[in-house]
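Starting off with a structure, shown below.
Values in this text are rule-based calculations from the coordinates and carry no lab data. Remember, it's a predicted structure, so these values are computed and weren't measured experimentally. Using ideal geometry, Cβ is built from the backbone for each residue, glycine included, and neighbour counts are taken over all protein chains shown.
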Amino acid sequence: MSRGILQLAEKLRTEADAYRYLEDLRWNGRPICPHCGSVRKHYFLRPANGRNRKTRTGSRSERRVWKCGDCRKQFSVLTGTIFHRTKVPLRVWILVIFDACTAKNGISAREVERKYGVCPRTAWHMMHRLREAMRQEHLPRPDSAVDLLRGTVVADETYFGGKPENRHGHDPHKNRRGVPDDKIQILSLISRETGEVRSRVIPNVRRETLRQAIAEQVEMERTHLMTDQLGSYKAISRHFREHSAVDHSSREYVRGDVTTNPAETYFAQLKRSIDGTHHHVSREHLHRYLAEFDFRYSTCKEPDAERMNRIISRVTGRRLMYSQPVRA
Ligand SMILES: [Zn+2]
């Protein structure tokens with residue numbers, strides 16, 4: 001275990017400690033009512049015995065409960081977050097988030113299961129909820145210009161699950177374009193200025209598909225786009241302030257300032273991580289894994305505590321709508 005997680009575990013000796021930790025992060029001393037948004041005077045409801053209170057199931061909980069001074073409803077720091085109604089101790093949640101933010105390749109459900117003694121189904125649900133929280137706020141929000149990338153942006157695509165050139169020429173899964181049908185295509189956009197990455201699954205690399213996918217994330221007329229020689233990029237280059245391409249077919253990877261190397265580095269790490277940590281990611285869940293990697297990659301220069309705060313500040317309203325996992 002890293003020193004960071006030991007220090008954190010030290011801070012979170014009880015469930016009440018974990019609530020206080022999250023209250024500090026989310027509210028910074030001023031509780032916000034999740035029901036009506038009020039930040040006026042709220043009342044802390046101290047348990048009768050000073051420590052814990054009985055729950056509906058008859059067990060005792062150290063949950064810290066507040067009452068809104070305006071709407072009079074009760075809430076805790078978990079109300080309306082991905083943690084709402086969770087049966088997993090908040091302490092465990094916070095430690096798992098720390099792991100997910102700081103471990104270079106992320107953390108798999110299997111590791112969560114082993115390290116924290118939760119059942120497989122619960123571990124799986126926890127990881128998916130976290131990925132949902134890591135998903136960038138702006139994905140996808142085509143109506144807003146606020147969050148778009150601009151400046152110098154590298155665009156590149158890859159195949160998830162193996163490069164097509166590693167396959168035999170007579171592979172029956174190859175289609176006319178030489179792309180195996182069972183491969184998933186991913187487009188990544190990387191800001192050269194901030195290092196922020198936004199990736200998504202795309203159905204193909206045709207001109208209109210790429211144009212739409214990029215337009216959702218990039219303010220095109222204020223962007224210098226850097227790509228390889230793929231014809232689709234050339235076909236949409238007039239939408240951008242400038243377009244430069246390196247010619248990979250003639251082994252050109254850098255020409256002056258122009259390069260797609262950041263994307264190569266990103267893809268290499270993504271594939272290593274998925275192979276090494278998760279072994280298999282289904283097509284259905286790949287967008288969540290991408291969100292997780294984008295998050296870690298985009299914030300890799302930030303201190304651990306700061307990345308963790310980013311995640312936790314995103315937990316509001318990110319509750320996934322599948323049924324509540326049952327704890328082992
Ligand atoms: Zn209220």
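Can you list the chymotrypsin sites (Phe, Trp or Tyr not before Pro) in the range 216-313 that are in a DSSP coil and have 16 or fewer other beta carbons within 10 angstrom?
Values: sites: Tyr233, Phe240, Tyr253, Tyr266, Phe267, Tyr289, Phe293, Phe295, Tyr297; in loops: Phe240, Tyr253.
Those satisfying the criteria are Tyr253.
Mind checking the full-extension length gain between Val254 and Ala103? Use 0.36 nm per residue of separation minus the Cα-Cα distance, one decimal, nm.
Details: separation 151, 0.36 × 151 = 54.36 nm, distance 3.06 nm.
Extra length available between Val254 and Ala103 comes to 51.3 nm.
Additional query: Using label points projected 7 Å from each Cα along Cα→Cβ, tell me how many nm separate Trp27 and Thr55, to one decimal.
So the two model labels end up 2.0 nm from each other.
List the lysines whose alpha-carbon lies under 30 Å from that of Lys87, not counting same-chain residues fewer than 8 positions away?
Lys11, Lys41, Lys54, Lys67, Lys73, Lys104, Lys115
Run the numbers for Thr14 and Lys87: contour at 0.36 nm per residue of separation, minus the present Cα-Cα distance, in nm. List each step's numbers first, then the result.
Values: separation 73, 0.36 × 73 = 26.28 nm, distance 1.53 nm.
Going from the current span to full extension adds 24.7 nm.
Multiply the residue separation of Ser237 and Leu45 by 0.36 nm, subtract the distance between their alpha-carbon atoms, and state the gained length in nm to one decimal. Please report the intermediate quantities before stating the final value.
Working: separation 192, 0.36 × 192 = 69.12 nm, distance 6.03 nm.
Net length gain for the segment: 63.1 nm.
DSSP loop (so not H, G, I, E, B), at most 15 other Cβ within 10 Å: list which trypsin sites (Lys or Arg not before Pro) in the range 1-94 pass both filters.
In loop regions of the range 1-94 (DSSP not H, G, I, E or B), the sparsely surrounded trypsin sites (Lys or Arg not before Pro) are Arg13, Arg40, Lys41, Arg51, Arg56, Arg72, Lys73, Arg85, Lys87.
Using a simple spin-label model with points 7 Å from Cα along the Cα→Cβ vector, what separation in nm is obtained for Gln7 and Arg192?
3.6 nm
List the residues, sorted by chain then number, that are 5 or more residues from Asp156 or on another chain and whose placed amide H is less than 5 Å from its amide H.
Residues meeting the criterion, in which the H sits 1.01 Å from N, are Ser188.
Here is a follow-up. Write out the trypsin sites (Lys or Arg not before Pro) in the range 239-288 meeting two conditions: DSSP loop, and at most 11 other Cβ atoms within 10 Å of their Cβ. Could you put the intermediate results ahead of the total?
On the way: sites: Arg241, Arg251, Arg255, Lys271, Arg272, Arg283, Arg288; in loops: Arg241, Arg251.
In loop regions of the range 239-288 (DSSP not H, G, I, E or B), the sparsely surrounded trypsin sites (Lys or Arg not before Pro) are Arg251.
While we're here: Convert each backbone phi in the range 211-217 into a coupling constant with the Karplus relation 6.51 cos²θ - 1.76 cosθ + 1.60 (shift: θ = phi - 60°), then list the ³J(HN,Hα) values in order as whole Hz, x for Gly and Pro.
4, 5, 4, 6, 4, 5, 10
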